[in-house]
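Novice: Shown below is the structure under consideration.
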Amino acid sequence: KRQLTFLTQDSAEICFNQPTRVKKGHITPQEWDAHSRYNRARAESEMQASIALRGAINQTIRQTANDVEAQRHATEYALRNRIAEVEKAKVEDEWQKERTEKEIAEMRKDIANMEQAIRDKEAPLKLAETRLENRTCRPSGLELCRDNAQYGLVNEVHEIKNTIKALQDKLKQEQHELTNCEHNLQRVMEDLALKTNSLALDNDMANYRTKLDGVNHNFTKLGSSTQYQSVKSAQAA
């Protein structure tokens, strides 16, 4: 159309033609208007469908963001509970470790006392046995008499040996209990080390998640494209 308006009688492009002929494919103004209306209606329909689709997408994004936020709160709640449980278990392990160490120290002291008590009985036993042996080696006859002193020495030897035997049995029992306590202390220390490491990891995770509190998962609020803003303006109109 612009080219036609610039033509004049002096234009070099003008010539004789047969403009009155009807070229095949010509349409009437009514047909042109109907076709234009159809294209416009179709474009408006596509735009409405696009707007509806964007609305559905935005709704899905908002729902997803809400789900993510709800899951985040649930995870943080579970993580806080986990940290509290591990801290409580760690305190119990520390208390058990301290108690077991004190018990082991007392048992070692008792063992040392019993070993000393056994050593202290060796000299009296040697003395009683030596005296008894000397009396047993006396010449036969009147001197080799099993008198009260003889029976007293025999009883003394038996009593000292029984005392030593009882102390040795008690010592073995105490040593066995000490071994069990040492094994238990080792298990407690290993469990305490695991809980300490687990607690450190959980606290690191909690601190890291705290830094993510400002992250916005509602992506619809971040849209800034010209096309998106135009669609929102069309919806508002």
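The values are calculated or read from the model by the stated rules, or taken from the named source; none is laboratory data. The structure displayed is predicted, hence computed values, not measured ones. We place every Cβ from the backbone using ideal geometry, glycine too, and count neighbours over all the protein chains shown. Note: accessible area is taken over every heavy atom of the protein model, side chains too, but ligands, DNA and RNA are not part of it. Shrake-Rupley method; radii C 1.70, N 1.55, O 1.52, S 1.80 Å.
Novice: To the nearest 10 square angstrom, what accessible area does residue 50 show with a 1.4 Å probe?
Specialist: 50 Å²
Novice: Within the stretch 78-104, name every residue whose backbone N is under 20 Å away from a label modeled 7 Å from Cα of residue 186 along the Cβ vector.
Specialist: Backbone N within reach: 93-94, 96-104.
Novice: Ok, one more. Once you put a point 7 Å from the Cα of residue 117 and another 7 Å from the Cα of residue 134, both along the Cβ direction, what distance in nm separates them?
Specialist: It is 3.0 nm.
Novice: Here's something else I'd like to know. With θ taken as phi - 60° and the coefficients 6.51, -1.76 and 1.60, list the Karplus ³J(HN,Hα) couplings across the stretch 41-57 in order, rounded to whole Hz; mark glycine and proline as x.
Specialist: In residue order, the calculated couplings are 4, 5, 4, 5, 4, 5, 5, 5, 5, 5, 4, 4, 5, 4, x, 5, 5 Hz.
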